[in-house]
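Undergrad: Below is the structure I would like to discuss, written out as structure tokens.
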Amino acid sequence: MVIDPKLRLSDPNGELTEDELKWALNYGASPFRRCHIEPTRINRFPCKTFVHGRIGDKRYLVYVRVTHEENEEQGTGPIPLCLLDAAREMNAEPRVVRLNIEYSTHYVNLSTCGIDALVAELKTSREAWNRILLKGKTIEDYYRICRKKISLLGLNVSLATGYDGKQLLSVDFTIDHVKLSTGTIDLWALIGSCGISDEYWMLTCSCGEPGCAGIELPFTVVHDKGLTLWRGYYLRPRKVFLFETKQYREEIIGKMKEFIARYKRDNLGTGLGVYFSEEGISTLENALWNVEGEKTEVVDINDTEKLSFRHGFKWPKADGVA
Ligand SMILES: [Zn+2]
């Protein structure tokens with residue numbers, strides 16, 4: 001295939017206004033920012049909407065395609081030659097996201113495509129993503145912060161009486177057998193937290209909008225070396241807890257199965273607010289199916305050969321774990 005060299009010298013987006021360029025660069029940077037990675041604008045190529053970011057030793061070069069007509073089926077569109085050239089030169093993975101700009105008389109409507117997929121891809125660099133979530137510390141540091149305590153997570157599914165007097169199924173947490181008064185638990189986030197390390201909006205308002213209940217920060221959940229870290233501003237008495245990953249997953253997956261079975265059998269409400277419905281149950285079932293199939297590394301915390309600790313270090317068992 002012969003490629004017209006002139007094609008490589010022009011910006012495939014054509015002329016953009018100053019605003020359009022600013023929006024495009026902001027959206028191009030957003031997948032990196034969502035992963036706490038500092039993005040860089042790349043100016044030395046003819047294309048003006050290149051954003052670069054790296055996670056671990058992997059580099060990504062993102063081209064933001066700017067379009068002016070909504071067409072869902074179009075996806076992000078093909079990879080332009082200028083991106084391939086630039087990515088090769090920078091030894092980076094070429095990726096495309098699309099920003100669609102729709103002008104109407106009174107407003108500008110911006111919509112995007114490909115950003116969530118790129119965020120998900122960045123997070124597959126598991127070790128590097130874990131390091132970001134651990135904020136410069138190691139899981140061993142957190143173990144010391146927790147005063148060498150491995151806690152036991154409990155999830156209680158119980159009957160409660162709603163404000164309208166009806167019986168409903170309620171879910172609450174215990175840590176080391178002490179009940180956590182947390183408000184409404186987002187069950188999807190809870191199940192999801194058994195999968196990849198990430199930030200999860202575990203607590204929410206009964207309407208499904210965390211901000212409405214004054215929840216402004218997600219929980220950080222990191223699975224590393226057989227342990228699961230919880231870091232959450234709303235946790236008491238301290239903001240950090242460690243669990244054994246195996247116990248964490250088994251407790252949540254087991255109790256959520258019980259929740260679904262009782263909900264279906266007894267035809268109960270949930271106390272999870274108006275947003276929870278029949279559809280909610282099948283979404284929960286899908287979420288469970290996903291994390292159960294996920295190949296999360298669940299190592300035996302006493303199998304030191306699989307761990308990289310010095311001096312044959314062993315985690316102690318959590319209280320109450322046989
Ligand atoms: Zn609310």
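The values are calculated or read from the model by the stated rules, or taken from the named source; none is laboratory data. Everything numeric in this text was worked out from a predicted model, so none of it was measured. Cβ: placed from backbone, ideal geometry, glycine included. Neighbour counts: every protein chain shown.
Undergrad: Considering each of Lys246, Lys257 in turn, give the residue that is surrounded by fewer than 17 Cβ atoms within 10 Å (Cβ to Cβ), part of a helix (DSSP H, G or I) and away from the ligand (no atom under 16 Å from the Cβ). Working first, answer last.
TA: Details: Lys246 fails: surrounded by fewer than 17 Cβ atoms within 10 Å (Cβ to Cβ).
Step by step, each of Lys246, Lys257 is checked, and only Lys257 is surrounded by fewer than 17 Cβ atoms within 10 Å (Cβ to Cβ), part of a helix (DSSP H, G or I) and away from the ligand (no atom under 16 Å from the Cβ).
Undergrad: Output the number of residues of the stretch 160-188 satisfying the condition of being away from the ligand (no atom under 16 Å from the Cβ) and assigned to a loop (DSSP other than H, G, I, E, B).
TA: Count: 7.
Undergrad: Mind telling me which of the residues Ser111, Ser104, Ser158 ends up being closer than 28 Å to Glu18 by Cβ, over 27 Å from the mean Cα position of the chain (by Cα) and small (Gly, Ala, Ser)? I'd like the intermediate steps shown before the answer.
TA: On the way: Ser111 fails: over 27 Å from the mean Cα position of the chain (by Cα); Ser158 fails: closer than 28 Å to Glu18 by Cβ.
Selected residue: Ser104, the only one of Ser111, Ser104, Ser158 that is closer than 28 Å to Glu18 by Cβ, over 27 Å from the mean Cα position of the chain (by Cα) and small (Gly, Ala, Ser).
Undergrad: Take the residues in the stretch 217-227 that are within 24 Å of Arg33 (Cα to Cα) and in contact with a strand residue (DSSP E or B) (Cβ under 6 Å, 6 or more places away or on another chain), then tell me which one is farthest from the ligand (Cβ to nearest atom).
TA: Taking the candidates together, the pick is Val222.
Residues checked against (1) over 30 Å from Thr67 (Cα atoms); (2) of a type outside the set (Val, Ile, Thr); (3) surrounded by 18 or more Cβ atoms within 10 Å (Cβ to Cβ); (4) not assigned by TED's automatic domain parsing to the domain that holds Met256:
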position	(1), (2), (3), (4)
Val96	no, no, yes, yes
Tyr107	no, yes, no, yes
Cys113	no, yes, yes, yes
Asn156	yes, yes, no, no
Asp164	yes, yes, no, no
Lys179	yes, yes, no, no
Gly183	yes, yes, no, no
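Undergrad: Is it the case that some residue within the stretch 75-83 is at pLDDT 95 or above and either under 22 Å from the mean Cα position of the chain (by Cα) or exposed (fewer than 14 other Cβ atoms within 10 Å of the Cβ) (or both)?
TA: No; the residues of the stretch 75-83 include none that is at pLDDT 95 or above and either under 22 Å from the mean Cα position of the chain (by Cα) or exposed (fewer than 14 other Cβ atoms within 10 Å of the Cβ) (or both).
Undergrad: Further question on the same structure: With respect to Leu84, is the statement that it is aliphatic (A, V, I, L, M) and farther than 30 Å from Lys135 by Cβ true?
TA: yes
Undergrad: Filter the stretch 43-74 down to the residues that are in contact with a strand residue (DSSP E or B) (Cβ under 8 Å, 6 or more places away or on another chain) and under 21 Å from Lys123 (Cα atoms) and list them by number.
TA: Scanning the stretch 43-74 gives Phe50, Val51, His52, Gly53, Arg54, Lys58, Arg59, Tyr60, Leu61, Val62, Tyr63, Val64.
Undergrad: Within the stretch 189-216, count every residue that is in a helix (DSSP H, G or I), buried (at least 19 other Cβ atoms within 10 Å of the Cβ) and within 16 Å of the ligand (Cβ to nearest atom).
TA: Here the count works out to 2.
Undergrad: Could I ask something else about it? Would you please list the contacts, defined by Cβ atoms under 8 Å and residues six or more apart or on different chains, that run from a residue in the stretch 206-232 that is touching a residue at least 60 places away in the same chain (Cβ under 8 Å) and closer than 17 Å to Gly154 by Cα to a residue that is in a strand (DSSP E or B) and within 16 Å of the ligand (Cβ to nearest atom)?
TA: Final answer for the pair search is none.
Undergrad: With respect to Gly136, determine if the residue is closer than 30 Å to Glu294 by Cβ and buried (at least 18 other Cβ atoms within 10 Å of the Cβ).
TA: no
Undergrad: Right, another one. When you scan the stretch 226-244, do you find a residue that is under 23 Å from Ser125 (Cα atoms), of a type in the set (D, E, K, R) and either in contact with a Gly (Cβ under 7 Å, 6 or more places away or on another chain) or not assigned by TED's automatic domain parsing to the domain that holds Ile145 (or both), even just one?
TA: Checked against the condition, which is being under 23 Å from Ser125 (Cα atoms), of a type in the set (D, E, K, R) and either in contact with a Gly (Cβ under 7 Å, 6 or more places away or on another chain) or not assigned by TED's automatic domain parsing to the domain that holds Ile145 (or both), the stretch 226-244 yields at least one hit.
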